[in-house]
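The values are calculated or read from the model by the stated rules, or taken from the named source; none is laboratory data. Model, not experiment: these values are computed from the prediction. Every residue, glycine among them, receives a Cβ derived from its backbone with ideal geometry; neighbour counts consider all protein chains shown.
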Amino acid sequence: MRTSILIVDDDPDYADILKDKLQTSGFRDVDLEFESPIAAERLTHGAEYDVMLIDMHMPEMDGFELLDVVKTVSPRTECIMVTAVNEARVAVECLRKGAYDYLVKPVTTEDLIFALKRTLEHKRLLDVLDIEKGKRLPELKNNQPFKPIVTRSSKMLRVMKEAELHAGSDVPVLITGDSGTGKELLARAIHEASPRAGQPFTPVNMASLTPGLFEAEFFGHTKGAFTGAENERSGYLKASNHGTVFLDEIGNLPLELQGKLLRVLQDGEYSRLGTSRRQKVDVRYIAATNADLERLMAQKRFRPDLYYRIRGGWLHLPPLKERSEDIPLLADAFIKKYLPGRDQSHIDEETMCLLMAHDYPGNVRELQSIIQTAANLAQGELITTQCIPRQLRKRNLVLECIRQNRSAPLLTLAEVEKNHIVQTYEKTGHNKSRTARLLEIGLNTLRRKLRVYGVK
Ligand SMILES: Nc1ncnc2c1ncn2[C@@H]1O[C@H](COP(=O)(O)OP(=O)(O)OP(=O)(O)O)[C@@H](O)[C@H]1O
Ligand SMILES: [Mg+2]
């Protein structure tokens, strides 16, 4: 995930130095502003930054005054103040006013990056809390990595937003959810949204590991390390250096191996079988399970220390029956996948009703396989009830559903527009600039329309 940073300093040379330090450390989205009143204006016009680095001494509006504006207009922008040596008292006052940290000039790269990472970690936790409390409308910063996840369910959008926040850090993430809900898909999206994108993503099925295999699989071995080791092998850790290891089905990892895995997660250091030389890897871990780990812990079948280690962030994917609004969207996506090039292909109304009414114990994977089979059976471009499994075809369901669809009120385009604008405005907690951005209309247009609707 990209972190957007604004440096405000009236000394362009110094601002440039800070920007260079940040960019060489991998923070690409860095903007400069030499005039503090303009920085304030940017915020009041809706610009959003994750972090601002604010110089204390500036003409017109000093760092202290700018901090006040930031905390009023954009409270979720974290501020790090940059002060001169003899300004400890001012710095402390800034912390009291809501700045998260301060740096003393001359700023070393090490101090700068340390302060920034600490600030971002604090921000990530606050943002996660907000999403969990349902306060914020989930809006992805960069939806590209999440594109393979087809959804419009607000529950899923919240999970994806939280996933994006975790992607920016290296914390281990645990993904839970029933079979077929998309845990691996989400794990890959987190990897793609993280600074590790482009590096290896290695899924490891924890259920398939045996005590004899664990070290050889994770650490690799030299030739002849044990009977049968005819070739050397590098192991998952080395193969995933700088990337992500996906610990799939972690609930099925045998108890005797859980301690070994815990040590791998804690140390990041290991030696290949057959040598005593220690090696270090830089790996991020994402784990997934459809098991109830808390229950397994109560039954002493899962180690609590491992549980808390992997649960740096926790994401739960709801079953498909709790997000039935996704069924038509997913069905369409799968039709495009399995009937490529046939642009007109679609599912008839009766069949869609039956698909909507089904419970999907196998979740998205089940829907996918139903559509795959239906696509094979379809004559031409229309998917009819004859193409879906017999147990889904229940005539009374179809009639009820069609009756409901037909009795839905018919709205004019203006009414649809009004409903949509007002709902979005409510969902953003009456935030006009965010609403305008989401709807991709101008702020003035939004204001005018709200006035016409009589909404304040
Ligand atoms: N929201 C979605 N959009 C598109 N495809 C999806 C979605 N969710 C799941 N799928 C597809 O459904 C199938 C199952 O997903 P995935 O393997 O990620 O599930 P899982 O939760 O890991 O399942 P299991 O617990 O059985 O391992 C995959 O083919 C995946 O691409
Ligand atoms: Mg899976």
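Things to note:
- Unmet requirement for K161, which otherwise passes all of (1) within 18 Å of R323 (Cα to Cα); (2) away from ligand 1 (no atom under 16 Å from the Cβ): (2)
- Residue check, D11 under 27 Å from R89 (Cβ atoms) and surrounded by fewer than 15 Cβ atoms within 10 Å (Cβ to Cβ): yes
- Among residues of segment 412-441 that are free of Cβ contacts under 8 Å to residues at least 60 places away in the same chain and under 14 Å from K456 (Cα atoms), those with a Cβ under 7 angstrom from a residue that is outside any helix (DSSP H, G or I) and not basic (K, R), sequence gap 6+ or separate chain, pair up as V422/V455; Y425/V455; T435/T428.
- Contacts under 9 angstrom Cβ, first residue in segment 170-184 being among the charged types (D, E, K, R), partner within 6 Å of ligand 1 (Cβ to nearest atom) and in a loop (DSSP other than H, G, I, E, B), 6 or more apart: D178/N290; K183/N290
- Residue identified as more than 24 Å from the chain's Cα centre (by Cα), part of a helix (DSSP H, G or I), within 16 Å of ligand 2 (Cβ to nearest atom) and not polar (S, T, N, Q) among A207, A216, A187: A207
- Number of residues in segment 138-156 that are in a loop (DSSP other than H, G, I, E, B), of a type in the set (A, V, I, L, M, F, W, C) and within 12 Å of ligand 1 (Cβ to nearest atom) equals 2.
- All positions within segment 260-299 that are in contact with a helix residue (DSSP H, G or I) (Cβ under 9 Å, 6 or more places away or on another chain) and at positive phi: G268
- Search result, residues across segment 81-93 that are part of a loop (DSSP other than H, G, I, E, B) and buried (at least 16 other Cβ atoms within 10 Å of the Cβ): E87
Here's the yes/no breakdown for (1) among the acidic types (D, E); (2) assigned to a strand (DSSP E or B):
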{"residue": "L53", "(1), (2)": "no, yes"}
{"residue": "M58", "(1), (2)": "no, no"}
{"residue": "D68", "(1), (2)": "yes, no"}
{"residue": "C79", "(1), (2)": "no, yes"}
{"residue": "L95", "(1), (2)": "no, no"}
{"residue": "I113", "(1), (2)": "no, no"}
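- Within segment 357-373, considering residues that are within 16 Å of ligand 1 (Cβ to nearest atom) and touching a helix residue (DSSP H, G or I) at 6+ places or on another chain (Cβ under 7 Å), the one nearest to S179 (Cα to Cα): N363
- Contact map, segment 362-373: residues that are of a type in the set (K, R) paired with residues that are near ligand 1 (Cβ under 8 Å from one of its atoms), Cβ distance under 9 Å, separation 6+ or inter-chain. Pairs shown: R365/S179; R365/G180; R365/T181; R365/G182.
- Contact map, segment 82-104: residues that are of a type in the set (K, R) paired with residues that are at pLDDT 90 or above, Cβ distance under 6 Å, separation 6+ or inter-chain. Pairs shown: K97/L67.
- Subset of segment 233-253 [in contact with a helix residue (DSSP H, G or I) (Cβ under 9 Å, 6 or more places away or on another chain), over 12 Å from F218 (Cα atoms) and away from ligand 1 (no atom under 16 Å from the Cβ)]: G243
- E325 meets all of the listed conditions (1) of a type in the set (D, E, K, R); (2) under 25 Å from the mean Cα position of the chain (by Cα); (3) surrounded by 16 or more Cβ atoms within 10 Å (Cβ to Cβ) but one, namely (3).
- Identity of the residue in segment 227-273, outside any loop (DSSP other than H, G, I, E, B) and acidic (D, E), that ends up farthest from ligand 2 (Cβ to nearest atom): E269
- Looking only at segment 8-51, residues that are touching a helix residue (DSSP H, G or I) at 6+ places or on another chain (Cβ under 7 Å), assigned to a loop (DSSP other than H, G, I, E, B) and more than 21 Å from L120 (Cβ to Cβ) come to 2 in all.
- Per-region count, segment 325-378, residues more than 16 Å from ligand 2 (Cβ to nearest atom), modelled with pLDDT of 90 or more and of a type in the set (G, A, S): 4
- Filter result for T109 (away from ligand 1 (no atom under 14 Å from the Cβ), surrounded by 14 or more Cβ atoms within 10 Å (Cβ to Cβ) and either on the phi < 0 side of the Ramachandran plot or among the β-branched types (V, I, T) (or both)): yes
- Within segment 157-184, tally of residues that are within 16 Å of ligand 2 (Cβ to nearest atom), crowded, with 17+ Cβ neighbours inside 10 Å and part of a helix (DSSP H, G or I): 3
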